[in-house]
1. Using only alpha carbon pairs under 8 Å that are at least six residues apart, calculate the relative contact order of region A:2-138 and give it in whole percent.
2. If we count every other residue with Cβ under 11 angstrom of B:Y166's Cβ, Lys/Arg +1 and Asp/Glu -1, where does the sum land?
3. Which far-off residues, 5 or more places away or on another chain, put their amide H under 5 Å from the one on B:L288, with H placed in the peptide plane?
4. Could you line up A:L119, A:L19 from fewest to most neighbouring Cβ atoms inside 10 Å?
5. With +1 on each Lys and Arg Cβ and -1 on each Asp and Glu Cβ, how big is the dipole of the protein assembly as shown about its Cα centre, in debye rounded to the nearest 20?
6. Which order do A:M48, A:M245, A:M84, B:M164 fall in if you start with the one that has the fewest other Cβ atoms within 10 Å?
7. List A:W64, B:W150 from most exposed to least, where exposure is judged by having the fewest other Cβ atoms within 10 Å.
8. Under the definition of Cα pairs under 8 Å and six or more residues apart, what whole-number percent is the relative contact order of chain B?
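Nothing in this text is a laboratory measurement; each read-out follows from the coordinates by a stated rule. This structure is a prediction, so every number in the text was calculated from the model and none was measured. No Cβ is skipped: glycine too gets one built from the backbone with ideal geometry, and neighbour counts run over all protein chains shown.
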Amino acid sequence: MRKFLVLLLVLPLFGVDKLILKKPPESLSKYYPPKSKRFEWIGNMFEMATSITGIFVNINEGRWDRAKEWAERLSKTYERTSKMVPEWKKFFKLELARNVVREVERKNVKGVVRAVKKLGKTCQRCHSQNLLSVKLLYHFPSYENIKVEDPVDFSEVKFHKYMEKLAKDFKTIRVFLVEREYKKLSKKTQEFVERFKGLKQTCQKCHNSDEEVAPFVGKSFEKALNNLLTLVKNKEFKKVPMALMISASYCSKCHNVHQIPAIVREAFSR
Amino acid sequence: MKLLAFLSLFLLSCSTLERVFVEEDLLKRPPAKRCSECHQKIYREWLKSRHHLAYTSKDFIRTTENYSKLKCLSCHAPHQVEPGKRPALRKVFLKDGVNCAGCHYRGEDLKGFMYGPYKVFSPPHPSKRDKNFTSSLYCSSCHQRTYKEWKEAKVSKSCQSCHMPYLGKDDLIQKFPFDLFHLAKERHSHSFPSLKAKEEDLKITLEGNRLKIVNVGIPHNLPTADHGSPKYYLIVEGKGFIIKRLFTPKLRVLKYKEPLYLEVPSTEELKVSLYRRLSWSKRRELVLSKVLRASPSSVSYQR
C-alpha cells in the first residue's frame, strides 16, 4: 500500500508556450514587507505543504490519529488562507479540504491520495496563475528606496538613475575606442571604474556579509576593473575591448539575479 | 548616634540586604525613563546619543523598510549585550533603542544583576562589576567591523576612551537618599559622540605626482560602519583640474597608518579638502582644508 503514497504536488509550469504575469491583488501586500514582517501568506503555504507531508508520513507508519491531526490542520489553514485575499477566494474549494479529513477518518489510503490530489489541483491552479508574479514582486526587495552616492560628482541619485549613468559610461568608452579618442577614453574609463566600484555601496543594503557578495563584487571584480584602468593608462588600447568585456561580465552576474525581478516590479508599479 | 551606628552596621554586613530593598521592575528590563529617576545626568546624556535613536531614526526605518529587514533589528534594540556576543532583539520598549537595560542588565527577569564598571552598593537593583565595560570588546557585540579594524590598529586606546569622553568625578545618582550611598566616581559620557577627525589625525603630503594621505590619529577606518553608509569626500583642486574621490566603508577607506595614494597632475598649488557625512545625516561637514605649495628645491610639497 505504501507504494501508492507518493506525493504528487509538482507544479506543472512546463509545456506552455505563453506565460502571462498578472499583478497580484493589493490585498496580498498586507502579508509581505514592508506592511508585515511576518510573511503570513507564504507561512501558510509552508504550513499546508507540511501538513500534507505530515498526513502521509503518519499513514505510512500506521498512525492514523496523528494523520488526522495533520489533516485537520491542513483544512483549517486552507480555510484561513482562503479568507486572506478576497480576490483569490475563487481558487479555494473548502469542501475538498474537509474531504481530506473525512478520508483520513475513514482510514482509506486510496481515498486520502485521491482527496489530496483533488485539493492539490486547486493549489496548482492558483500557483500557475500567480506564483511567479508573487515571487518576483514580494520575494525580492524593492530597489526604489536605494540611493547611491555617485563617486564621480558626489551627487546622490536613485539606483535606476545610477545604472543609467554606468551603462552610458560603458557605451561611451566603446565609442571613444572606435573613434580612437584616447584622451577622452582615459577620463571616461576612470569615471566608469569609479562608478562601477561605487556600486558596492548598494549590496550592503541587503547583504550582510562580504562573503555573500564576493563572487559578484569581490577580489576578481576589483582585479578586472584595475586591469582595465592599467591598460588604458599604459596605452595598450588593443587589449581594452577584451578587458571591457571581462568587466561587463560582472554586470551580467548581478543582472542575472536582480534584473528580472526589478523589471517586473517596475512594470507592476506603473 | 546608636541608631546610626546600627544602621551602618546593618547596611554593611548583610549582602542579602540588597534583595530586601529591590524595586522589582528594575530587574525586568525597564525603559530608560525609569532609570532616569535616579541616574538623571546619565539619562540626559543618553538622550543626546545615537543609541537613543537607534530604533526610531528615520534613516533606520527607511533602510530596514519599516523594520522588515529583521536581521538589522537586534543591534538597534538589544535585549542583552554581552561582550563579543551578538545580542538578541528585545521584545519590549523597542523605541528606546540601545537603552540602559540592554547594556547593563544581564540574566533572567528578577534573577539577574545590573552590571557596570564599578562595584557599587545599590539596593534597588543588585549590581555586579564587569571590567569589560571599559574594554572595546564590549562594543564589539554590535560594532563588529569597527572592532576588527581597531584590533588591527593595535593601539591601547579603547573605544570608550574616545567615544565615552571623561567627564571628571561625579555622582552616578541624583536621587535622595541613594545619592548618599556612593562617593563620586570617574564619569564617562553616555552621549557616545561620533567624533570628527582633527586636522592632525590626517597627514597629507605630496610625493612627486602622488598625493599621500595617511590616517595617523584614528585607530579604525575612516569612514567606518558595520551596515550604515557614512562617507568621506576628498576634493583635490589644482590649476585646470579637480579630482574627487568618495570614501565609503565598502568602496575606499583611510585605514589606520596605511597610506593612500592619489595621482595628481603637476601643479604649483594644490588645494585639498576633506568632508564627511555621517550615516544618518544629510549634512556634509568639513574635516580639513589645506593648501599645499610646491617646494622649489624639492619635488615634495609643503603646507
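1. It comes to 31 percent, rounded to a whole number.
2. With Lys, Arg at +1 and Asp, Glu at -1, the neighbours total 0.
3. Correct list: B:L274.
4. The order, fewest Cβ neighbours first, is A:L19, A:L119.
5. 1460 debye
6. A:M245, A:M84, B:M164, A:M48
7. So the ranking, lowest neighbour count to highest, is A:W64, B:W150.
8. Across chain B, relative contact order equals 14 percent.
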